[in-house]
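Since the structure comes first, as structure tokens, the remarks are kept for the end.
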């Protein structure tokens, strides 16, 4: 009996041992198949590759249906660090034109958080076609690498870089905040590309590709049954006229400054030129893009990346007199027949601000010849009215009405980074001169658009659109509609009334602006044959150098189609450089041709930045 018990015990022990071994194997199999997905990943990695399908970014068209922005195919070289064993790194470095140190640097970056060694990440972006072709020939030698296709922007004409903006790599901060983006994705950085990013970007999809032992894609898993399709971005219909934009950039070549044109009846931006500019195709691509951006960024003379049309704040000079003429009439301090003396300057302040010789003028004549003395009186009479208990009340009233025309406020356009300009406040002058220690003659230069008064060119164009409309404007915008339905934000259809509404006030100012193009007027040399245009010259004093040339105009007088402002930095009198640019652009837009080839040639030939082909004759 004891011997029998002993046999039973041995059987139990041996059976238990085998059961234990079986449990260990079962547990290990359970862990490997259910819990640990390492082998699943490795097995799938040998056959499957998950590719992000980037959507086609939305096309952008001009107001006439011409293509402004399209897409081109680009290729990114991706890496899965865990699978690079056996990769011919020397051959890869040779094709990419990098050394081994650079290769190791990129490899280590791909191995660290947030990318695990088993996850794909970017090794080189936007390969050119030659490099892509070389890689495809030898892809079987580059274990752990594969090429992923995406699209990049392409511009049929090298224009409108500041308005269209450019696309760049998303920042890590943006990728953390917005789950749509991942490291290496592209996003609109400036211009329309930034403002309408959500409409343009579309929605990403995923492809499951099947690869062979030579690291080549041979098909789609289950014929694409489990793929998700990318949804293309929506097309945008821009308000700019491609031909007018291109012509404006040609006229402004060799000059610093900006031109903005608006359709008064809608607020649509017809062109937005910032000069010097650049070819938007330069900021597309991999290595070349980096080189071009560095070159543009380092140009401290021309500042080609600086959008002067929206962010450069300038004194408006004599063009601001139009607002004072409207306010003065509305307040009843001047009428059409009001005459002020001009002794080549403003007499109460010893002839300052100075003025050119022309004699006493009425309201119409003061606009046509741009009398500084006249508008010094107007400013003083507006702000010093007896109905105000103290001078600061009168000044604050003037300031509030001025701001309804746009200066000192952001207009709310659909382009990013627009500046508000500046209309100085009571608090500012109290700080500068002391409380109750300043009055009209202390700051009289404001009446002629100088001192601390600053506008951006977009605001200058909008002021002229307001005068063309006789008292209202629509928020300037550069998109007519989104997608085929031509949807448009409701705020761009809202009419904004300004602080002067009497039609007679506008009629008198417009009469003066029309006379600007007649003999004796400051814009006579830029008169447009066959078109009744209304304009105003300006010479904006610049404390840092030569004055800026300014000109604003709209045409035709009845049912205006275009309101336009031009500022040329350090160019002197407004009638010499800014007025010809404006008048040529108006003629080009309204008639489609130019009848003054000599004037066109003079403007296009002038390189004011480098001082070439300058003409000595100047007139106001």
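The values are calculated or read from the model by the stated rules, or taken from the named source; none is laboratory data. Source: prediction; values computed, not measured. Cβ sites come from the backbone with ideal geometry, for glycine too, and all protein chains shown count toward neighbours.
What number of residues within the stretch 276-312 satisfy the criterion of being part of a helix (DSSP H, G or I) and surrounded by fewer than 18 Cβ atoms within 10 Å (Cβ to Cβ)?
Start the filter on the stretch 276-312 by keeping residues that are part of a helix (DSSP H, G or I), which leaves 280-283, 287-297, 308-311.
Applying the additional criterion that residues be surrounded by fewer than 18 Cβ atoms within 10 Å (Cβ to Cβ) yields 287-288, 290-295, 297, 311.
Residues that pass the stated criteria total 10.
Filter the stretch 482-502 down to residues that are at pLDDT 90 or above and touching a strand residue (DSSP E or B) at 6+ places or on another chain (Cβ under 8 Å) and give me whichever is farthest from residue 462 (Cα to Cα).
Applying the first criterion (at pLDDT 90 or above) to the stretch 482-502 yields 482, 491-502.
Still in the list and also touching a strand residue (DSSP E or B) at 6+ places or on another chain (Cβ under 8 Å): 482, 492-498.
Working: 482: 23, 492: 14, 493: 15, 494: 15, 495: 13, 496: 12, 497: 13, 498: 12 Å.
Filtering first and then ranking leaves 482.
Scan (1) in contact with a helix residue (DSSP H, G or I) (Cβ under 6 Å, 6 or more places away or on another chain); (2) in a strand (DSSP E or B); (3) under 26 Å from residue 400 (Cβ atoms) for the single condition residue 564 breaks and write down its number.
Of (1) in contact with a helix residue (DSSP H, G or I) (Cβ under 6 Å, 6 or more places away or on another chain); (2) in a strand (DSSP E or B); (3) under 26 Å from residue 400 (Cβ atoms), only one is false for residue 564: (3).
Which members of the stretch 417-442 meet the condition of being crowded, with 17+ Cβ neighbours inside 10 Å, within 19 Å of residue 454 (Cα to Cα) and at pLDDT below 95?
418, 440, listed by residue number.
Which condition breaks for residue 356 when tested against (1) part of a loop (DSSP other than H, G, I, E, B); (2) closer than 25 Å to residue 550 by Cα; (3) at pLDDT 95 or above?
In the conditions (1) part of a loop (DSSP other than H, G, I, E, B); (2) closer than 25 Å to residue 550 by Cα; (3) at pLDDT 95 or above, residue 356 misses (3) alone.
Can you go through 262, 327 and tell me which one is assigned to a strand (DSSP E or B), surrounded by 19 or more Cβ atoms within 10 Å (Cβ to Cβ), in the same structural domain as residue 477 (by TED's automatic domain parsing) and modelled with pLDDT of 95 or more?
Numbers: 327 fails: assigned to a strand (DSSP E or B).
When all the criteria are applied, what remains is 262.
How many residues does the stretch 524-545 contain that are over 25 Å from residue 598 (Cβ atoms) and surrounded by fewer than 16 Cβ atoms within 10 Å (Cβ to Cβ)?
5
Here's the yes/no breakdown for (1) surrounded by fewer than 15 Cβ atoms within 10 Å (Cβ to Cβ); (2) outside the structural domain of residue 301 (by TED's automatic domain parsing); (3) outside any loop (DSSP other than H, G, I, E, B):
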position: 518; (1), (2), (3): yes, no, no
position: 552; (1), (2), (3): no, no, yes
position: 586; (1), (2), (3): no, no, yes
position: 598; (1), (2), (3): yes, no, yes
position: 601; (1), (2), (3): yes, no, yes
position: 610; (1), (2), (3): yes, yes, no
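Among the candidates 198, 193, single out the residue that is on the phi < 0 side of the Ramachandran plot, modelled with pLDDT of 90 or more and either in contact with a strand residue (DSSP E or B) (Cβ under 8 Å, 6 or more places away or on another chain) or part of a loop (DSSP other than H, G, I, E, B) (or both).
After applying the criteria, what remains is 193.
How many residues does the stretch 533-559 hold that are more than 26 Å from residue 609 (Cβ to Cβ) and in contact with a strand residue (DSSP E or B) (Cβ under 7 Å, 6 or more places away or on another chain)? Spell out how you get there, then give the answer.
Keep residues of the stretch 533-559 that are more than 26 Å from residue 609 (Cβ to Cβ), which gives 533-534, 554-559.
With the extra rule that they be in contact with a strand residue (DSSP E or B) (Cβ under 7 Å, 6 or more places away or on another chain), the set shrinks to 533-534, 554-555, 557.
Total satisfying the criteria: 5.
Right, residue 445: surrounded by fewer than 19 Cβ atoms within 10 Å (Cβ to Cβ) and assigned by TED's automatic domain parsing to the domain that holds residue 569 or not?
It is false that residue 445 is surrounded by fewer than 19 Cβ atoms within 10 Å (Cβ to Cβ) and assigned by TED's automatic domain parsing to the domain that holds residue 569.
For residue 388, indicate whether it is in contact (Cβ under 8 Å) with a residue 24 or more places away in the chain, assigned by TED's automatic domain parsing to the domain that holds residue 535 and in contact with a helix residue (DSSP H, G or I) (Cβ under 8 Å, 6 or more places away or on another chain).
No.
Assess whether residue 408 counts as being surrounded by 17 or more Cβ atoms within 10 Å (Cβ to Cβ) and at pLDDT 95 or above. Walk me through it before giving the result.
Details: surrounded by 17 or more Cβ atoms within 10 Å (Cβ to Cβ): yes; at pLDDT 95 or above: yes.
Yes, satisfied.
Could you please give the count of residues in the stretch 298-316 that are touching a helix residue (DSSP H, G or I) at 6+ places or on another chain (Cβ under 7 Å) and closer than 26 Å to residue 521 by Cα?
1
Answer yes if at least one residue in the stretch 484-494 is crowded, with 24+ Cβ neighbours inside 10 Å and either outside the structural domain of residue 584 (by TED's automatic domain parsing) or touching a residue at least 40 places away in the same chain (Cβ under 8 Å) (or both), and no otherwise.
No, every residue in the stretch 484-494 fails to be crowded, with 24+ Cβ neighbours inside 10 Å and either outside the structural domain of residue 584 (by TED's automatic domain parsing) or touching a residue at least 40 places away in the same chain (Cβ under 8 Å) (or both).
Checking the condition outside any helix (DSSP H, G or I), in contact with a helix residue (DSSP H, G or I) (Cβ under 9 Å, 6 or more places away or on another chain), on the phi < 0 side of the Ramachandran plot and in the same structural domain as residue 547 (by TED's automatic domain parsing), which residue from 255, 250 passes?
255
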